[in-house]
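Presented below is the structure to which this report refers.
The values are calculated or read from the model by the stated rules, or taken from the named source; none is laboratory data. From a predicted model like this one, the values you see are computed outputs, not experimental measurements. All Cβ positions, glycine included, derive from the backbone under ideal geometry; neighbour counts span all protein chains shown. Heads up: the accessible areas ignore ligands, DNA and RNA and are worked out on the full protein's heavy atoms, side chains in. Shrake-Rupley method; radii C 1.70, N 1.55, O 1.52, S 1.80 Å.
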Amino acid sequence: LINFNPGTLCLSANYYVQKMFACHLGTRYLPFEGTLPEHSYFSATEDEHALHIKLVNTGAEAHTAAVRLPGQQSAGAHVSACGELLHSDDPHVRNDLKFAGEAVCHICPEPIEIPVTGGVLQMEMKPYSVYALTIEK
């Protein structure tokens, strides 16, 4: 998960996924009803303050995801899912560190915000991507 040399650290994509999932975690699991495209995975948890959604696309094709969210149906309210996206077009890319010198980071999480309209989170899931999102109640 963490590579290092005498002068610096290099965080792996696996480290970032673990951190993203740990930082977007509720206390209660929410059951999932529906179907997902091939190579796609979904998890949802909640606590008293927020819903926490995790979506993964391990495939080489983009997918559209539409997730109906409980308790988010108010049409006038501006609601967004905020979080992080970890993505690369190359499934074999990795962050690199030699014995000396600085880390070369090819894949790092980036902030993302996706609007929720009519209680539905609709988004395009990039190929080889991991999303960790939080929606405030």
Search region 86-104 for residues being outside any loop (DSSP other than H, G, I, E, B) and not β-branched (Val, Ile, Thr), and hand back the single one that is surrounded by the most Cβ atoms within 10 Å (Cβ to Cβ).
Leu86
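For (1) touching a Phe, Trp or Tyr at 6+ places or on another chain (Cβ under 7 Å); (2) more than 20 Å from Pro127 (Cβ to Cβ); (3) open to solvent by 80 Å² or more (accessible area, probe 1.4 Å), each residue gets a yes or a no:
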{"site": "Thr8", "(1), (2), (3)": "no, yes, no"}
{"site": "Ala13", "(1), (2), (3)": "no, no, no"}
{"site": "Gly34", "(1), (2), (3)": "no, yes, no"}
{"site": "Gly59", "(1), (2), (3)": "no, no, no"}
{"site": "Ala66", "(1), (2), (3)": "no, no, no"}
{"site": "His78", "(1), (2), (3)": "no, yes, yes"}
Can we say Tyr15 is free of Cβ contacts under 8 Å to residues at least 24 places away in the same chain, of a type in the set (Phe, Trp, Tyr) and more than 29 Å from Gly119 (Cα to Cα)?
yes
Residue list for region 105-127, restricted to those being open to solvent by less than 70 Å² (accessible area, probe 1.4 Å) and either under 19 Å from Ser43 (Cα atoms) or touching a residue at least 60 places away in the same chain (Cβ under 8 Å) (or both)
Ile107, Cys108, Pro109, Ile112, Ile114, Val116, Gly119, Val120, Leu121, Met123, Met125, Pro127
Answer yes if at least one residue in region 106-116 is assigned to a strand (DSSP E or B), among the β-branched types (Val, Ile, Thr) and closer than 30 Å to Phe4 by Cα, and no otherwise.
yes
